[in-house]
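Heads up, the thing below is written out as structure tokens.
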Amino acid sequence: MAAERAQSADQTFDAGRFGRWLRMMLVSFYTDEEAAVADALCAESWHQDGIARRSTTMSGGGYTNGSAASRRQYDHPIVILGGGMGGLMTAVDFLRQDRKDFIILERYEAFGGTTWRDVANETTKLQTEKGTYVPEYLDPEVHADEEQKTWPSRDSILDMCVACAEKHGLEDKAKFGTSLEKVEVKGDLLAGGHIELSLTTEDASETLKCSALISCPGVFYNPIDLKWPGREDFGGYITHGSYDGINYDKLKDASVCIVGHGGFTIENVRTCVERKSKKVYVVCRHRHLAGPKMVSWMVSGAAVPIPGPFIVEAFQKMYDLLGVDVWSHPVVNANADRSSAVLTQTTTFGVTDIYFLACYYKVCEVIHGEIDKLSKGKVHLKDGKEIECNVIMKCLGSHGATDFDDIIGFKFYQGWWVNGEALMPVMAPAKGVQAKNFAGFSLAPGYAGQIITNRYFIDHPEKFVGVRDWLPKTTRDDHYECNYIYKGAHVLATMVLLQTQFPDLAAELAEADKLKAYKHMKAHPLDKHLSECLAEWKMYIKMMKDNGQIPADAEEIEYPYNEEMIMEMDGRYKAALTAEWEKMMSKKAKAGCTSYELVHALARAGSASSVKESVGYRRILEFPAWRYRQQAKMKDVTLARPDRQVRQVLERRLVPDCIVDRCAEGTGDKLQTFYRISPVAVAVAAKRFQLLEASLSAKVEEQYICSKCNRLYDTLKAMSASFTCECGQALASTAEESEARRDRLQRFHVQCKDLLQLTQELENLPGPQFEHPPKVKKPRGAAKQAAKAKTAPVAPKNPTSQPEPLGDPPANPPTQDLEAAPQSGTAADASEISKTLEEEVCSVQSKRTRASLEDRLRGAQQSQPEKVEEDAIVFVRGQPLPLSRVLGDDDLQEQMTDQEYQSFYDVDRDLQHRKLRSLLSYR
Ligand SMILES: Cc1cc2nc3c(=O)[nH]c(=O)nc-3n(C[C@H](O)[C@H](O)[C@H](O)COP(=O)(O)OP(=O)(O)OC[C@H]3O[C@@H](n4cnc5c(N)ncnc54)[C@H](O)[C@@H]3O)c2cc1C
């Protein structure tokens, strides 16, 4: 299977690239052509650093951002705060890149971090597999220690951290027993300034100058506590489930009430089973989802993030044992056909099998509720339920470091850079889950991306300056004590932006992405892992029997996963991703513009005359660069409850084109759909439209073509050849094609307008003003019928576009040149609709003139009016319906798939044309 996965990355469907696309959600994935375009654009560099990005080189799965000589050297050391996994991974990465000018500050006397030194219990084990949980994650040559267990214990992880530090000589670079108390930025860090750190040790304090500060302070500091009335009467044992404070002797034969349902609950259910507790009750307000071990294995081993529906399906196999329907679980937000699912919960997935086993055998029971009070040997819930128990274990989560905001001088984040300082990034594990594609439950791969990015800007901080204002910004909220802890979505948005800006950074991140599946599969081949999970499953059943927790003759429940099932799911999700990839590629091929092009073109907009000349719209290009930057400063636009018309625009045009992201929150009655429109996405769309417009509006000379030998004739030549080709074949006019282009152009105008209106109305976005605003609003439903009634017998208002007398070629045939196109008023009003029809009339008239000219030359009869099919059939969700019915019914139109809507639109338009033609040929 590992080999199979590795292979898939080399084949036409590039899993790594597609994975990046999924992560970025919008439009930023790279084909080779796009990368080439980006390189070319970057060569013209809008940054001042002038670095030719082609010089970037890959080395052994790692990457060198230019040569060591080209990166910035500093007067003072770089300080890494924290000796946990974050600090350790950062330090090891620096050494790999031959950067040695750093020191590590750590409050403890050794590596390992608060997580493993302080928060974990003696019984704690890594819940995710060891394969990717290595400080040397970014070194493709180093893999998890074979001697280590698949789910190593706390002590084994601490040993691993210490051994890794020793191997790399990091002990010499660490200042242990040292606490950072205050940070002050002195001057401009990119122009000779420095950061002053106030430090305290047990018996002294000192200041330290540094040039950059990478903070990895961790997020687990104090257990969240609750004190219930009646605790003095309870008479049993009350403890926290973390911070190594449990008296395990108290668990034997006990009835334990665990409060909360996060990672520590999962761990302590296992501990209670192992320590022979009689019964475990889990009291919680929200029953968060726990991740079965095989699902954790699947996501870590996947080269491409796995879409939500497959995760739900995989969870379901285990949850079936408990009779829980994961699809209807509050954590899961799926669309109607379950082709997409977003999973949202405030804690990460605790990874476990034993919890499910304990629940299945009723050794563990989950009770929804909140504790009201305690009494002798009892817990009373607010809904009146009572639980008899003699141990209460609080697993309510942890507070972050409540002093860290003040220590670091936090005012705001730009990306994850404190106060927008290129040399002061903060790394902290994001809390909770909110995702629709899953790349893993382990922390290291996520940290790796941030580490690479931090290093990138330490090496070349001037690059950061160009993008700083584009990054998502979060300002300090004084009601919240730990502003330094950000959400996963904040990291994601930052990554999206940075990867669209810096192709070389994106390339390195992609390499690092590949390491995850590679390392995981090397450490945990499927057959080995599955048999280990199975053995553990059986071992715990036996343990519960031996402990007397379940009857000795209890049936042995089968492990819900097997190799065949995993392989089958693996094949299906890959096929689904491949199909999605192909769909996107064909869309992109049509759009013909990349986000790379856009971002760089935008940034250079003020100066790049070549771009100005190459496109049809002038104003968008004359839009000064600073205004584009101003636009990009905006946070994503969130549109909570768009009215129906806006929603239709979003759903039909922008969501399928990935310009707008549809999100959902809540479930059932509380389900709320909202849309996110990133300013970058808006700009990408604008650029696409611009190119499309240029190609559509390019003047096409009226020509005649021979269908046999494809020879082209201009009008004069065609006339002199009596509309017959040299090969004897009658010539056909290309007018139909130009009319089709004109139609597309009009539709395109509508699209532009929708987009601009949306963004401008919503957030006052100073969007580019198109020189030729849209002229056509395609009337739909009732509006359309009203328009039809009003405009059927339209007489052209503009005398210059009156039909020429029959027989004479038009002196000034109506042109498709945009410069000559009339400006429009508001889209919805009837006058505009009639203007549109006017144009159509003009176009038909001009064609009619030409047709009659042809007929005359051929001596042919006057053309007969076309037979117009009155009621064509269109499809709504696969059901055939008469066009007339659908025209009048907005709801039906709304139910159509995009394809159905497009063909309905085309059929209707075609019908209108033919009616017009027929009408005119009789006038
Ligand atoms: C019990 C438990 C189990 C977990 N299991 C998993 C798992 O299975 N898989 C997984 O991927 N993740 C797991 N995690 C998540 C875990 O937090 C991360 O894997 C990782 O250990 C976090 O490392 P860190 O360096 O960010 O933070 P920490 O380990 O907290 O290290 C931060 C360090 O910074 C130092 N520091 C902070 N402020 C200062 C200051 N002002 N001065 C000096 N020093 C300072 C602290 O002393 C500390 O050592 C688990 C977490 C817990 C608590």
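The values are calculated or read from the model by the stated rules, or taken from the named source; none is laboratory data. Since the model is a prediction, treat every value here as computed from it, not as a measurement. Reconstructed Cβ throughout: ideal geometry from the backbone, glycine too, with neighbour counts over all protein chains shown.
Every residue, every condition in (1) modelled with pLDDT under 70; (2) acidic (Asp, Glu); (3) in a loop (DSSP other than H, G, I, E, B); (4) closer than 22 Å to Asp743 by Cα, yes or no:
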position: Glu869; (1), (2), (3), (4): yes, yes, yes, yes
position: Val874; (1), (2), (3), (4): no, no, no, yes
position: Val886; (1), (2), (3), (4): no, no, no, yes
position: Asp891; (1), (2), (3), (4): yes, yes, no, no
position: Gln899; (1), (2), (3), (4): yes, no, no, yes
position: Lys915; (1), (2), (3), (4): yes, no, no, yes
position: Leu919; (1), (2), (3), (4): yes, no, no, yes
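Tell me yes or no: at least one residue of the stretch 426-437 is assigned by TED's automatic domain parsing to the domain that holds Leu497, closer than 30 Å to Arg275 by Cβ and among the small types (Gly, Ala, Ser). Steps first, answer last, please.
The first filter runs over the stretch 426-437 and keeps only residues assigned by TED's automatic domain parsing to the domain that holds Leu497, leaving 426-437.
Still in the list and also closer than 30 Å to Arg275 by Cβ: 429, 431-433.
Checking the rest, the ones that are also among the small types (Gly, Ala, Ser) come to 432.
Yes, because at least one residue in the stretch 426-437 is assigned by TED's automatic domain parsing to the domain that holds Leu497, closer than 30 Å to Arg275 by Cβ and among the small types (Gly, Ala, Ser).
Hey, among the residues in the stretch 177-191 that are of a type in the set (A, V, I, L, M, F, W, C) and in a loop (DSSP other than H, G, I, E, B), which one's farthest from the ligand (Cβ to nearest atom)?
Checking each candidate, the answer is Ala191.
Mind listing whichever residues of the stretch 390-418 are out of contact with any helix residue (DSSP H, G or I) (no Cβ under 9 Å at 6 or more places or on another chain) and among the hydrophobic types (A, V, I, L, M, F, W, C)?
Across the stretch 390-418, the qualifying residues are Phe404, Ile407, Ile408, Phe412.
Among the candidates Gln316, Gln345, single out the residue that is touching a Leu at 6+ places or on another chain (Cβ under 7 Å) and among the polar types (S, T, N, Q).
Gln345
If I go through the stretch 300-316 residue by residue, how many of them are in contact with a strand residue (DSSP E or B) (Cβ under 6 Å, 6 or more places away or on another chain) and part of a helix (DSSP H, G or I)?
4
Is there any pair with a first residue in the stretch 165-180 that is closer than 16 Å to Thr90 by Cβ and not assigned by TED's automatic domain parsing to the domain that holds Leu213 and a second that is within 14 Å of the ligand (Cβ to nearest atom) and of a type in the set (Gly, Ala, Ser) whose Cβ atoms are under 7 Å apart and which are 6 or more apart or on different chains, and what are they?
Partner pairs satisfying both residue conditions: none exist.
Of all residues in the stretch 441-453, how many are in a helix (DSSP H, G or I) and within 13 Å of the ligand (Cβ to nearest atom)?
7
Could you tell me which numbered condition Val351 fails, if it satisfies all but one of (1) touching a helix residue (DSSP H, G or I) at 6+ places or on another chain (Cβ under 8 Å); (2) within 16 Å of the ligand (Cβ to nearest atom); (3) β-branched (Val, Ile, Thr); (4) farther than 25 Å from Lys545 by Cβ?
(4)
So which residues in the stretch 458-480 are under 23 Å from the mean Cα position of the chain (by Cα) and either without any contact (Cβ under 8 Å) to a residue 60 or more places away in the chain or crowded, with 20+ Cβ neighbours inside 10 Å (or both), if there are any at all?
Phe464, Val467, Arg468, Trp470, Leu471, Pro472 - these are the residues of the stretch 458-480 that are under 23 Å from the mean Cα position of the chain (by Cα) and either without any contact (Cβ under 8 Å) to a residue 60 or more places away in the chain or crowded, with 20+ Cβ neighbours inside 10 Å (or both).
Give the stretch 382-440 a look and list any residue that's touching a Cys at 6+ places or on another chain (Cβ under 8 Å) and away from the ligand (no atom under 13 Å from the Cβ), or say none.
Correct list: Ile387, Cys389, Val391, Ile392, Met393.
Scan the stretch 103-139 for residues that are within 9 Å of the ligand (Cβ to nearest atom) and of a type in the set (Ser, Thr, Tyr) and jot them down.
Correct list: Tyr108, Thr114, Thr115, Thr124, Thr128, Thr132, Tyr133.
Taking Cys161 and the conditions (1) under 28 Å from Glu511 (Cβ atoms); (2) within 15 Å of the ligand (Cβ to nearest atom); (3) not in a helix (DSSP H, G or I), which numbered condition does it fall short on, given that it satisfies the others?
(3)
Scan (1) farther than 25 Å from Gln316 by Cα; (2) surrounded by fewer than 19 Cβ atoms within 10 Å (Cβ to Cβ) for the single condition His286 breaks and write down its number.
With respect to (1) farther than 25 Å from Gln316 by Cα; (2) surrounded by fewer than 19 Cβ atoms within 10 Å (Cβ to Cβ), His286 is out only on (1).
Against the conditions (1) more than 16 Å from the ligand (Cβ to nearest atom); (2) in contact with a strand residue (DSSP E or B) (Cβ under 7 Å, 6 or more places away or on another chain); (3) among the polar types (S, T, N, Q), where does Ser328 fall short? Just the number, please.
The failed condition is (2).
Looking at Leu95, is it more than 11 Å from the ligand (Cβ to nearest atom) and over 30 Å from the mean Cα position of the chain (by Cα)?
yes
Answer yes or no: is there a residue in the stretch 387-399 that is in contact with a Phe, Trp or Tyr (Cβ under 6 Å, 6 or more places away or on another chain), at pLDDT below 95 and among the small types (Gly, Ala, Ser). First the steps, then the outcome.
First, pick out the residues of the stretch 387-399 that are in contact with a Phe, Trp or Tyr (Cβ under 6 Å, 6 or more places away or on another chain): 387, 391, 395, 398-399.
Now restrict to residues that are at pLDDT below 95: 398-399.
Checking which are among the small types (Gly, Ala, Ser) leaves us with 398.
Yes: one or more hits.
Given the stretch 192-278, what strands (runs of 3 or more DSSP E) lie entirely inside it while holding 2 or more residues that are surrounded by fewer than 17 Cβ atoms within 10 Å (Cβ to Cβ) and either within 15 Å of the ligand (Cβ to nearest atom) or not assigned by TED's automatic domain parsing to the domain that holds Gly291 (or both)? Even if it seems obvious, please write down each step before you answer.
Working: elements: 194-200, 205-210, 212-215, 237-240, 255-259.
The qualifying strands (runs of 3 or more DSSP E) are 194-200, 205-210.
Gly83: part of a loop (DSSP other than H, G, I, E, B) and buried (at least 19 other Cβ atoms within 10 Å of the Cβ), yes or no?
Taking the combined requirement at face value, the residue satisfies it.
Among the residues of the stretch 372-391, is any among the hydrophobic types (A, V, I, L, M, F, W, C), over 37 Å from the mean Cα position of the chain (by Cα), surrounded by fewer than 18 Cβ atoms within 10 Å (Cβ to Cβ) and assigned to a strand (DSSP E or B)?
Yes, the stretch 372-391 contains at least one residue that is among the hydrophobic types (A, V, I, L, M, F, W, C), over 37 Å from the mean Cα position of the chain (by Cα), surrounded by fewer than 18 Cβ atoms within 10 Å (Cβ to Cβ) and assigned to a strand (DSSP E or B).
Could we say that Leu81 is more than 20 Å from Glu166 (Cβ to Cβ) and near the ligand (Cβ under 9 Å from one of its atoms) here?
Taking the combined requirement at face value, the residue satisfies it.
Test Lys317 against the criterion of being closer than 20 Å to Gly440 by Cβ and among the basic types (Lys, Arg), and give yes or no.
yes
Can you say whether Lys542 is more than 22 Å from Thr90 (Cβ to Cβ) and outside any loop (DSSP other than H, G, I, E, B), as far as the supplied structure shows? Reasoning before the result, please.
On the way: more than 22 Å from Thr90 (Cβ to Cβ): yes; outside any loop (DSSP other than H, G, I, E, B): yes.
Yes, satisfied.
Check the stretch 475-483 and report whether any residue there is polar (S, T, N, Q), assigned by TED's automatic domain parsing to the domain that holds Leu81 and within 16 Å of the ligand (Cβ to nearest atom). Give the derivation first.
So the first thing to find is which residues in the stretch 475-483 are polar (S, T, N, Q), and the list is 475, 483.
Next, from what is left, pick out any that are assigned by TED's automatic domain parsing to the domain that holds Leu81: 475, 483.
Okay, now just the ones that are also within 16 Å of the ligand (Cβ to nearest atom), so 483.
For the stretch 475-483, residues polar (S, T, N, Q), assigned by TED's automatic domain parsing to the domain that holds Leu81 and within 16 Å of the ligand (Cβ to nearest atom): present.
Pairs, please: C-beta under 8 Å, at least 6 apart or cross-chain, first residue on the phi > 0 side of the Ramachandran plot and in the stretch 75-104, second within 16 Å of the ligand (Cβ to nearest atom) and not in a loop (DSSP other than H, G, I, E, B)?
Gly82/Ile104; Gly82/Leu105; Gly82/Gly113; Gly82/Ser215
Kindly provide the set of residues from the stretch 140-158 that are part of a loop (DSSP other than H, G, I, E, B) and more than 10 Å from the ligand (Cβ to nearest atom), ordered by number.
Answer for the stretch 140-158, where residues must be part of a loop (DSSP other than H, G, I, E, B) and more than 10 Å from the ligand (Cβ to nearest atom): Pro140, Glu141, Val142, His143, Ala144, Asp145, Glu146, Glu147, Gln148, Lys149, Thr150.
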